[in-house]
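The next block holds one structure in the form of C-alpha coordinates; read it before the comments.
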Amino acid sequence: TNAIACGRKLLTIHCECGDTVQEGALSIDLAQMYRSQSMYAEAKELYERAITIMQKSGNRRGESVAFGGLGTVFISLGEYVKAKKYHEKALAISMEINDREGEGACYGNLGNVFYSLGEDVKAKEYYGKALAISREIGDKAVEEVSYENLGNVFHSLGEYVKAKEYYEKALAISMEIGNREKEASALGNLGSLLLSLGECVEAKEYYGKALAISR
(Lines give C-alpha, C1' and ligand atoms only; values in the text may rest on other atoms or scores of the structure.)
Protein backbone atom coordinates (compact mmCIF):
# COMPACT_ATOMS: atom_id res chain seq x y z
CA THR A 1 0.00 0.00 0.00
CA ASN A 2 2.81 2.39 0.86
CA ALA A 3 4.65 1.44 -2.32
CA ILE A 4 1.56 2.24 -4.40
CA ALA A 5 1.09 5.60 -2.65
CA CYS A 6 4.72 6.58 -3.26
CA GLY A 7 4.59 5.27 -6.81
CA ARG A 8 1.51 7.36 -7.56
CA LYS A 9 3.29 10.52 -6.35
CA LEU A 10 6.37 9.66 -8.37
CA LEU A 11 4.25 8.98 -11.45
CA THR A 12 2.76 12.47 -11.20
CA ILE A 13 6.25 13.98 -11.02
CA HIS A 14 7.46 12.04 -14.08
CA CYS A 15 4.35 13.13 -15.97
CA GLU A 16 4.86 16.82 -15.01
CA CYS A 17 8.53 16.63 -16.03
CA GLY A 18 7.69 14.98 -19.33
CA ASP A 19 9.91 11.98 -18.53
CA THR A 20 8.04 9.44 -20.63
CA VAL A 21 10.67 6.71 -20.21
CA GLN A 22 10.27 6.63 -16.43
CA GLU A 23 6.52 7.27 -16.65
CA GLY A 24 6.02 4.21 -18.86
CA ALA A 25 8.21 1.92 -16.75
CA LEU A 26 6.61 3.08 -13.50
CA SER A 27 3.10 2.64 -14.95
CA ILE A 28 3.90 -1.04 -15.55
CA ASP A 29 5.40 -1.47 -12.06
CA LEU A 30 2.35 0.11 -10.44
CA ALA A 31 -0.01 -1.95 -12.58
CA GLN A 32 1.74 -5.11 -11.40
CA MET A 33 1.35 -3.99 -7.77
CA TYR A 34 -2.36 -3.33 -8.25
CA ARG A 35 -2.78 -6.69 -9.99
CA SER A 36 -1.11 -8.48 -7.07
CA GLN A 37 -3.69 -6.80 -4.80
CA SER A 38 -6.55 -7.88 -7.11
CA MET A 39 -7.27 -4.23 -7.91
CA TYR A 40 -7.93 -4.96 -11.56
CA ALA A 41 -9.57 -1.71 -12.66
CA GLU A 42 -6.53 0.29 -11.49
CA ALA A 43 -4.13 -2.22 -13.05
CA LYS A 44 -6.01 -2.11 -16.38
CA GLU A 45 -5.89 1.68 -16.47
CA LEU A 46 -2.14 1.76 -15.87
CA TYR A 47 -1.31 -0.98 -18.38
CA GLU A 48 -3.32 0.92 -21.01
CA ARG A 49 -1.45 4.11 -20.09
CA ALA A 50 1.85 2.26 -20.42
CA ILE A 51 0.89 0.89 -23.85
CA THR A 52 0.18 4.40 -25.14
CA ILE A 53 3.48 5.73 -23.77
CA MET A 54 5.51 2.78 -25.10
CA GLN A 55 3.97 3.12 -28.56
CA LYS A 56 4.74 6.84 -28.70
CA SER A 57 8.34 6.32 -27.58
CA GLY A 58 8.89 3.27 -29.80
CA ASN A 59 9.74 1.00 -26.84
CA ARG A 60 8.63 -2.30 -28.35
CA ARG A 61 9.71 -4.49 -25.45
CA GLY A 62 7.88 -2.26 -22.96
CA GLU A 63 4.82 -2.36 -25.21
CA SER A 64 4.92 -6.16 -25.24
CA VAL A 65 5.22 -6.33 -21.44
CA ALA A 66 2.26 -3.96 -21.04
CA PHE A 67 0.10 -5.94 -23.49
CA GLY A 68 0.99 -9.14 -21.61
CA GLY A 69 0.12 -7.56 -18.27
CA LEU A 70 -3.22 -6.37 -19.62
CA GLY A 71 -3.91 -9.87 -20.93
CA THR A 72 -3.20 -11.33 -17.49
CA VAL A 73 -5.65 -8.86 -15.92
CA PHE A 74 -8.36 -10.07 -18.30
CA ILE A 75 -7.56 -13.70 -17.39
CA SER A 76 -8.14 -12.80 -13.73
CA LEU A 77 -11.45 -11.15 -14.72
CA GLY A 78 -12.50 -14.25 -16.69
CA GLU A 79 -12.58 -12.29 -19.97
CA TYR A 80 -10.65 -14.86 -21.97
CA VAL A 81 -11.34 -13.56 -25.49
CA LYS A 82 -9.83 -10.19 -24.56
CA ALA A 83 -6.99 -11.91 -22.72
CA LYS A 84 -6.17 -13.96 -25.82
CA LYS A 85 -6.15 -10.85 -28.02
CA TYR A 86 -3.67 -8.98 -25.81
CA HIS A 87 -1.38 -11.96 -25.25
CA GLU A 88 -1.27 -12.52 -29.01
CA LYS A 89 -0.26 -8.87 -29.49
CA ALA A 90 2.48 -9.29 -26.89
CA LEU A 91 3.65 -12.49 -28.61
CA ALA A 92 3.81 -10.83 -32.05
CA ILE A 93 6.02 -8.04 -30.71
CA SER A 94 8.29 -10.45 -28.79
CA MET A 95 8.84 -12.48 -31.95
CA GLU A 96 9.44 -9.31 -34.00
CA ILE A 97 12.20 -8.08 -31.67
CA ASN A 98 13.55 -11.60 -31.03
CA ASP A 99 12.87 -11.44 -27.28
CA ARG A 100 12.98 -15.16 -26.46
CA GLU A 101 12.23 -14.69 -22.76
CA GLY A 102 9.20 -12.56 -23.59
CA GLU A 103 8.10 -15.02 -26.26
CA GLY A 104 8.22 -17.88 -23.76
CA ALA A 105 6.16 -15.88 -21.25
CA CYS A 106 3.56 -15.17 -23.95
CA TYR A 107 3.27 -18.84 -24.86
CA GLY A 108 2.74 -19.68 -21.19
CA ASN A 109 0.09 -16.98 -20.82
CA LEU A 110 -1.74 -18.16 -23.94
CA GLY A 111 -1.58 -21.68 -22.55
CA ASN A 112 -3.32 -20.36 -19.42
CA VAL A 113 -6.05 -18.80 -21.58
CA PHE A 114 -6.74 -22.03 -23.48
CA TYR A 115 -6.59 -24.11 -20.28
CA SER A 116 -9.15 -21.77 -18.67
CA LEU A 117 -11.36 -22.20 -21.75
CA GLY A 118 -11.12 -25.99 -21.44
CA GLU A 119 -9.16 -26.27 -24.70
CA ASP A 120 -6.62 -28.71 -23.29
CA VAL A 121 -5.00 -29.70 -26.60
CA LYS A 122 -4.25 -26.07 -27.49
CA ALA A 123 -3.08 -25.39 -23.94
CA LYS A 124 -0.70 -28.35 -24.18
CA GLU A 125 0.72 -26.96 -27.45
CA TYR A 126 1.46 -23.53 -25.99
CA TYR A 127 2.80 -24.84 -22.69
CA GLY A 128 5.10 -27.08 -24.72
CA LYS A 129 6.44 -24.06 -26.61
CA ALA A 130 7.00 -22.18 -23.35
CA LEU A 131 8.88 -25.20 -21.97
CA ALA A 132 11.10 -25.48 -25.05
CA ILE A 133 12.14 -21.81 -24.81
CA SER A 134 12.74 -21.97 -21.04
CA ARG A 135 15.09 -24.92 -21.55
CA GLU A 136 16.80 -23.15 -24.46
CA ILE A 137 17.57 -20.00 -22.42
CA GLY A 138 18.16 -21.80 -19.12
CA ASP A 139 15.26 -20.25 -17.19
CA LYS A 140 14.66 -22.84 -14.46
CA ALA A 141 11.77 -20.99 -12.83
CA VAL A 142 9.76 -20.86 -16.07
CA GLU A 143 10.75 -24.45 -16.86
CA GLU A 144 9.30 -25.55 -13.51
CA VAL A 145 6.03 -23.68 -14.14
CA SER A 146 5.80 -25.17 -17.65
CA TYR A 147 6.19 -28.72 -16.30
CA GLU A 148 3.51 -28.00 -13.69
CA ASN A 149 1.15 -26.58 -16.31
CA LEU A 150 1.69 -29.55 -18.62
CA GLY A 151 1.07 -31.88 -15.70
CA ASN A 152 -2.26 -30.13 -15.09
CA VAL A 153 -3.25 -30.51 -18.75
CA PHE A 154 -2.40 -34.23 -18.86
CA HIS A 155 -4.24 -34.68 -15.57
CA SER A 156 -7.33 -33.04 -17.12
CA LEU A 157 -6.99 -35.27 -20.18
CA GLY A 158 -6.86 -38.37 -17.98
CA GLU A 159 -3.29 -39.17 -19.07
CA TYR A 160 -2.12 -39.87 -15.54
CA VAL A 161 1.26 -41.45 -16.32
CA LYS A 162 2.29 -38.39 -18.36
CA ALA A 163 0.90 -36.03 -15.71
CA LYS A 164 2.92 -37.79 -12.99
CA GLU A 165 6.07 -37.51 -15.10
CA TYR A 166 5.67 -33.75 -15.50
CA TYR A 167 4.72 -33.15 -11.87
CA GLU A 168 7.83 -35.06 -10.79
CA LYS A 169 9.98 -32.91 -13.10
CA ALA A 170 8.40 -29.77 -11.63
CA LEU A 171 9.13 -31.08 -8.13
CA ALA A 172 12.78 -31.85 -8.98
CA ILE A 173 13.40 -28.33 -10.34
CA SER A 174 11.63 -26.59 -7.46
CA MET A 175 13.88 -28.50 -5.03
CA GLU A 176 16.94 -27.72 -7.17
CA ILE A 177 16.32 -23.96 -7.16
CA GLY A 178 15.10 -23.90 -3.56
CA ASN A 179 11.57 -22.65 -4.28
CA ARG A 180 9.68 -24.05 -1.29
CA GLU A 181 6.32 -22.66 -2.39
CA LYS A 182 6.55 -24.41 -5.76
CA GLU A 183 7.83 -27.57 -4.06
CA ALA A 184 4.67 -27.65 -1.95
CA SER A 185 2.55 -27.03 -5.06
CA ALA A 186 4.21 -29.93 -6.93
CA LEU A 187 3.73 -32.27 -3.97
CA GLY A 188 0.08 -31.25 -3.74
CA ASN A 189 -0.39 -31.91 -7.45
CA LEU A 190 1.17 -35.35 -7.08
CA GLY A 191 -1.17 -36.01 -4.16
CA SER A 192 -4.19 -35.09 -6.29
CA LEU A 193 -2.98 -37.27 -9.13
CA LEU A 194 -2.44 -40.27 -6.88
CA LEU A 195 -5.89 -39.74 -5.43
CA SER A 196 -7.31 -39.88 -8.98
CA LEU A 197 -5.50 -43.20 -9.39
CA GLY A 198 -7.02 -44.50 -6.16
CA GLU A 199 -3.61 -44.67 -4.46
CA CYS A 200 -4.86 -43.08 -1.26
CA VAL A 201 -1.96 -44.01 1.04
CA GLU A 202 0.61 -42.44 -1.31
CA ALA A 203 -1.66 -39.44 -1.89
CA LYS A 204 -1.86 -38.89 1.87
CA GLU A 205 1.95 -38.98 2.07
CA TYR A 206 2.36 -36.29 -0.61
CA TYR A 207 -0.39 -34.10 0.85
CA GLY A 208 1.33 -34.36 4.23
CA LYS A 209 4.65 -33.22 2.76
CA ALA A 210 2.94 -30.30 1.01
CA LEU A 211 1.22 -29.33 4.27
CA ALA A 212 4.49 -29.40 6.21
CA ILE A 213 6.21 -27.07 3.73
CA SER A 214 3.29 -24.65 3.47
CA ARG A 215 3.11 -24.41 7.28
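With the cut-off at 16 Å, report for segment 1-126 the share of all Cα pairs above it, as a whole percent.
Pairs farther apart than 16 Å: 61 percent.
Read phi for every residue in segment 203-215 and hand back ³J(HN,Hα) as whole Hz from Karplus 6.51 cos²θ - 1.76 cosθ + 1.60, θ = phi - 60°, with x for Gly and Pro.
The phi angles translate into 4, 4, 4, 5, 4, x, 5, 5, 4, 4, 5, 4, 5 Hz.
For the peptides 92-105, 13-26, what is the packing order when you average, over each peptide's residues, the other Cβ atoms within 10 Å and list the highest mean first?
92-105, 13-26
So which lysines can residue 84 reach, going by Cα to Cα under 20 Å and dropping same-chain residues fewer than 8 places off?
By straight Cα distance, residue 84 reaches 44, 122, 124, 129.
Evaluate the Debye formula for segment 100-209 with equal point scatterers sitting on the alpha carbons, no solvent, and hand back log10 of I(q)/I(0) at q = 0.23 Å⁻¹, in q order, two decimals.
Taken in order of the listed q values, log10 I(q)/I(0) reads -1.21.
Run the accessible area of segment 1-108 with a 1.4 Å probe and give the carbon-and-sulfur part as a rounded percent.
Accessible surface attributable to carbon and sulfur in segment 1-108 totals 52 percent.
Along the Cα→Cβ direction, 7 angstrom out, place labels at residue 92 and residue 12. What is the inter-label distance in nm?
3.7 nm
Using helices alone, I'd like the mean residue ellipticity at 222 nm for the chain: each DSSP H run of four-plus residues gives -39500 (n - 2.57), total over residue count, nearest 500.
-29000 deg cm²/dmol
When the Cα centres of segment 102-128 and segment 17-40 are compared, how far apart do they sit, in Å?
26 Å
What relative contact order, as a whole-number percentage, does segment 80-181 give when Cα pairs under 8 Å and 6 or more residues apart are counted?
20 percent
Once you place label points 7 Å from the Cα toward the Cβ at residue 81 and residue 156, how far apart are they in nm?
The answer from the label model is 2.0 nm.
So which aspartates and glutamates can residue 162 reach, going by Cα to Cα under 17 Å and dropping same-chain residues fewer than 8 places off?
120, 125, 143, 144, 148, 199
With springs only between Cα atoms under 10 Å, which of 129, 82, 204 fluctuates most in a Gaussian network model of the chain?
204
How large a share of the accessible area of segment 139-215, in percent, is made up of carbon and sulfur atoms when the probe is 1.4 Å and the other protein chains stay in place?
On segment 139-215, the fraction of accessible area on carbon and sulfur atoms equals 53 percent.
Note the direction-averaged projected area, equal to a quarter of the hull surface, for the Cα convex hull of segment 53-96, in nm².
2.7 nm²
When the chain is treated as a GNM, springs tying every alpha-carbon pair under 10 Å, which of 52, 72, 12 comes out with the largest mean-square fluctuation?
12
Which net charge results when you count Lys and Arg as +1 and Asp and Glu as -1 among the other residues whose beta-carbon is under 10 Å from that of residue 182?
Computed value for this residue: -3.
Taking the solvent-accessible surface of protein heavy atoms with a 1.4 Å probe, what is the per residue accessible area of the chain in Å²?
51 Å²
Once both axes come from the Cα atoms, what is the angle between helix 40-57 and the longest principal axis of the chain, in degrees from 0 to 90, rounded to 10?
That works out to roughly 60 degrees.
So, in nm, how far is label residue 181 from label residue 132 when the simple model puts each one 7 Å beyond its Cα toward the Cβ?
So the two model labels end up 3.0 nm from each other.
The values are calculated or read from the model by the stated rules, or taken from the named source; none is laboratory data. Here the structure is a predicted model, which means the values were calculated and not measured. A quick note on method: Cβ atoms are made from the backbone with ideal geometry, for glycine too, and the neighbour counts reach across all protein chains shown. Protein only, heavy atoms only, side chains kept; ligands, DNA and RNA dropped before computing areas. Shrake-Rupley method; radii C 1.70, N 1.55, O 1.52, S 1.80 Å.
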